[in-house]
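Okay, structure first, notes after.
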Amino acid sequence: MRLAKNGHVAVVDGERFVLLRNEGAPLEPKLGSAEEIDLDATNFSAGVKHQDEAGQRLGRTDLDELAHGAAVAECLNQKAIGNEIDELVVIADPKTLGEMRRHYHTELEKRLVGEIAKTMTSEPADRIAQAISNA
C-alpha cells in the first residue's frame with residue numbers, strides 16, 4: 001500500500017487509539033511521531049443493532065469497545081475536516097473497523113488510502129510499517 005510522506009496511520013482497537021505519521025518514502029513507510037489519543041466514548045449508537053441478548057451474554061459484543069470505535073471515527077472526521085490529515089491508513093480489529101466505517105464523514109473517506117482489518121495496537125512501529133507495505 002502506498003502512503004505519502006507525512007501521511008497518517010490510525011492504529012485502533014476497542015480501547016486504544018494511536019496516530020502515527022509516515023516519515024519514510026511512499027512505498028517504504030517509516031512510522032514515527034506516535035500520539036496516543038485518549039477519547040471519551042459517548043456514542044453508543046451501535047447498541048441499536050447489537051441488542052442480541054445471546055451475543056451480550058457470550059461476550060461477542062462489547063458496546064464500550066464499539067463506542068470507542070465511533071469516538072475514533074469522529075476524531076478522525078474532525079481532523080480531516082480541519083485539514084490536519086491529507087492521507088490516512090486505518091488499521092483496526094475487524095469489529096472496531098466495521099463500527100468506524102459507519103461513522104466516516106465524506107471528507108475522511110476522500111483522504112482514506114486504505115484499511116487493514118487486523119489488531120496491531122501492541123505491535124512496534126516497524127511491524128505496523130511492514131503490514132502497510134505488504135497490503
- Would you say Ala54 is modelled with pLDDT under 95, closer than 20 Å to Leu27 by Cα and more than 12 Å from the chain's Cα centre (by Cα)? no
- Do you know which of the residues in the range 118-130 that are within 15 Å of Pro26 (Cα to Cα) and more than 14 Å from the chain's Cα centre (by Cα) is surrounded by the fewest Cβ atoms within 10 Å (Cβ to Cβ)? Asp126
- Task: Please specify each residue of the range 64-89 satisfying the condition of being under 13 Å from Lys110 (Cα atoms) and outside any helix (DSSP H, G or I).
- Result: Asn83, Ile85, Asp86, Glu87, Leu88, Val89
- Task: Check off (1) at pLDDT 80 or above; (2) surrounded by fewer than 18 Cβ atoms within 10 Å (Cβ to Cβ) for Leu66 and give me the number that stays unchecked.
- Result: (2)
- Task: Could you please let me know if Lys95 is part of a helix (DSSP H, G or I), touching a helix residue (DSSP H, G or I) at 6+ places or on another chain (Cβ under 8 Å) and modelled with pLDDT of 95 or more?
- Result: no
- Message: Give me the residue from the range 100-117 that is within 10 Å of the chain's Cα centre (by Cα) and more than 21 Å from Pro26 (Cα to Cα) and, out of that set, surrounded by the most Cβ atoms within 10 Å (Cβ to Cβ).
- Response: Met100
- Mind listing whichever residues of the range 84-115 are among the hydroxyl-bearing types (Ser, Thr, Tyr) and touching a Gly at 6+ places or on another chain (Cβ under 9 Å)? Thr96
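The values are calculated or read from the model by the stated rules, or taken from the named source; none is laboratory data. The structure displayed is predicted, hence computed values, not measured ones. Cβ atoms come from the backbone with ideal geometry, glycine included; neighbour counts cover every protein chain shown.
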